[in-house]
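The values are calculated or read from the model by the stated rules, or taken from the named source; none is laboratory data. All of these numbers come straight from a predicted model, not from anything done at the bench. Using ideal geometry, Cβ is built from the backbone for each residue, glycine included, and neighbour counts are taken over all protein chains shown. Ligands, DNA and RNA are stripped out before the accessible areas are found, and what is left, the full protein with its side chains, is counted by its heavy atoms. Shrake-Rupley method; radii C 1.70, N 1.55, O 1.52, S 1.80 Å.
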Amino acid sequence: MKAILCTHFGKSDELELADIPEPQAGAGEAVVQVKAAALNFFDTLIIAGKYQHKPPFPFSPAAEFAGVVERVGAGVTDIGPGDRVMGYMGFGAARECVAIAAQQLIKLPEKLDFDHAAGLTVIYGTTLYALRERAQLRAGETLAVLGASGGTGLATIELGKMMGARVVACASSDEKLAFARAHGADETINYATEDLREALRRVGGEHGIDVVYDPVGGAYAEPALRSLAWQGRYLVVGFAAGEIPKIPLNLVLLRGCDIRGVFWGSWTKREPLAQRAIMTDIARWCAEGKLSAHVHAHYPLAEIATALKAITDRQVMGKIVLRP
Ligand SMILES: NC(=O)c1ccc[n+]([C@@H]2O[C@H](COP(=O)([O-])OP(=O)(O)OC[C@H]3O[C@@H](n4cnc5c(N)ncnc54)[C@H](OP(=O)(O)O)[C@@H]3O)[C@@H](O)[C@H]2O)c1
C-alpha cells in the first residue's frame with residue numbers, strides 16, 4: 001500500500017511516498033481503509049522535530065482519519081468489516097490503511113461523509129474540552145477567538161455559538177473574517193489592520209471579554225489578556241505564530257483572571273470515556289448540520305507537501321484533507 005513516510009526531521013518536501021506492506025489486525029485491533037486523513041497545524045511541527053512528541057522513524061504524519069473497516073483482530077465484537085468509522089491516532093494516518101485499537105474508533109452517522117468526519121476529532125474535541133471543562137463558558141458570556149478562521153478557530157466559533165456565547169472572531173484578513181461571520185461569529189476584528197487591544201475594548205465594553213481562546217500566541221497574547229473582564233479566563237491552546245508569549249503576572253492579579261492551559265491530547269489519555277462521549281456528540285452534531293467541519297481543500301497523498309505549505313502560509317480556512 002502507499003504511505004507518506006517521514007524518514008528524518010526536515011521540510012515537507014522531504015517526505016516520501018513509499019510502498020509498504022499492509023498492516024495486520026492484532027488482538028483488539030481493526031484495519032481501516034483510509035478514505036480521508038486530515039492535517040493539522042501540528043503536522044508541520046511533528047515532521048520538523050519541533051513538536052512535543054517525536055515518533056520513531058519512519059512514521060507517517062496525519063493524526064486523524066475516516067474510512068471503512070477492512071478486517072478486525074481477535075476479541076473485537078462491536079465493530080466489523082464494512083463499518084464506516086473515524087479515528088484519532090496522534091500520527092500515522094497519511095497512508096492507505098491503518099491498524100488501530102478498535103476502541104479508538106467511532107462509527108459514523110449515516111449522513112456524515114469521510115472528508116468531513118476525518119477532520120472532526122482534533123479541532124472540535126480540543127475546543128469542546130477547552131470551552132466546557134477548562135473555561136466553563138456560560139451562555140451570554142463574550143468569547144474572543146484568535147486565528148478564528150483556522151481549524152481550532154472555526155471550532156471555537158461554532159461550539160461557542162452552540163453554548164450561547166457572543167463570539168468575537170479575530171483574524172488577519174477581511175476574507176477570513178467574512179468566513180468567520182458566515183460560520184456564526186457575532187463580531188469581527190482584523191488584527192492585521194486594527195490595534196487588537198483597542199478593538200477588543202470596543203467590542204467588550206466596560207465589562208470586558210469573559211473568555212479568550214488563543215491558538216496563535218506571539219504578539220497577540222498580551223493585548224488579548226489585557227482585554228479580559230474581572231474573573232475572565234484565558235485559554236492557552238497553541239502557538240501558531242511561533243513565539244511563546246511571556247505574560248507579566250501583575251496583569252493576572254489586577255484582573256482577578258485565570259490563565260488556563262488546554263492540553264487535549266493528555267486529557268484524552270486521562271479521560272478516554274469522556275473523550276469518546278464528546279466525539280460521539282460531535283459526530284452527531286456534524287451529521288445534523290450544526291457543525292460545518294469546513295474542508296478548505298483536499299489533495300492526493302502525493303501532494304502532501306503542497307497541503308502542509310498551505311497551512312504554514314496561513315492560507316487555510318477550516319481543514320485540509322488528504323485522500324489516499
Ligand atoms: N492545546 C491543544 O490541545 C491543541 C490541540 C489542537 C491544536 N493545538 C494547537 O493550536 C494551534 C492552531 O491549530 P489549528 O489547527 O487551528 O491551526 P490552523 O488551522 O493552521 O490555524 C492557525 C491560525 O493561526 C494564525 N497564525 C498566525 N501566525 C501564523 C503563522 N506564522 N503560521 C500559521 N498560522 C498562523 C492563522 O490565522 P491568521 O492568519 O488569521 O492570524 C491561522 O489561521 C497550533 O499551534 C496547534 O498545535 C493545540
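List of remarks:
- Selection status of ALA155, assigned to a loop (DSSP other than H, G, I, E, B) and within 16 Å of the ligand (Cβ to nearest atom): no
- Members of the range 9-25 found to be open to solvent by less than 90 Å² (accessible area, probe 1.4 Å), of a type outside the set (S, T, N, Q) and closer than 13 Å to LYS309 by Cβ, listed by number: GLU14, LEU15
- Long-range neighbours under 9 Å by Cβ, at least six apart or interchain, first residue acidic (Asp, Glu) within the range 247-270, second open to solvent by 70 Å² or more (accessible area, probe 1.4 Å) and more than 16 Å from the ligand (Cβ to nearest atom): ASP258/GLN231
Yes/no per residue for (1) without any contact (Cβ under 8 Å) to a residue 12 or more places away in the chain; (2) more than 23 Å from ALA185 (Cβ to Cβ); (3) within 15 Å of the chain's Cα centre (by Cα):
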{"residue": "ARG276", "(1), (2), (3)": "no, yes, no"}
{"residue": "THR280", "(1), (2), (3)": "no, yes, no"}
{"residue": "GLY289", "(1), (2), (3)": "yes, no, no"}
{"residue": "SER292", "(1), (2), (3)": "no, no, yes"}
{"residue": "ALA302", "(1), (2), (3)": "no, yes, no"}
{"residue": "LYS309", "(1), (2), (3)": "no, yes, no"}
{"residue": "PRO324", "(1), (2), (3)": "no, yes, no"}
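- Checked against the criterion of being within 19 Å of ILE123 (Cβ to Cβ), loosely packed, with under 15 Cβ neighbours inside 10 Å, away from the ligand (no atom under 16 Å from the Cβ) and not β-branched (Val, Ile, Thr), the candidates GLU288, GLU271 yield just one match: GLU288.
- Only residues that are open to solvent by 60 Å² or more (accessible area, probe 1.4 Å) and over 29 Å from ALA102 (Cα atoms) were counted in the range 304-324, giving 6.
- Residues that are open to solvent by 60 Å² or more (accessible area, probe 1.4 Å) and either within 23 Å of ARG255 (Cα to Cα) or modelled with pLDDT under 95 (or both), drawn from the range 175-227: ASP195, GLU198, ARG201, ARG202, GLU206, HIS207, ALA219, ARG226
- Number of residues in the range 228-263 that are in a strand (DSSP E or B), among the hydrophobic types (A, V, I, L, M, F, W, C) and surrounded by fewer than 16 Cβ atoms within 10 Å (Cβ to Cβ) equals 1.
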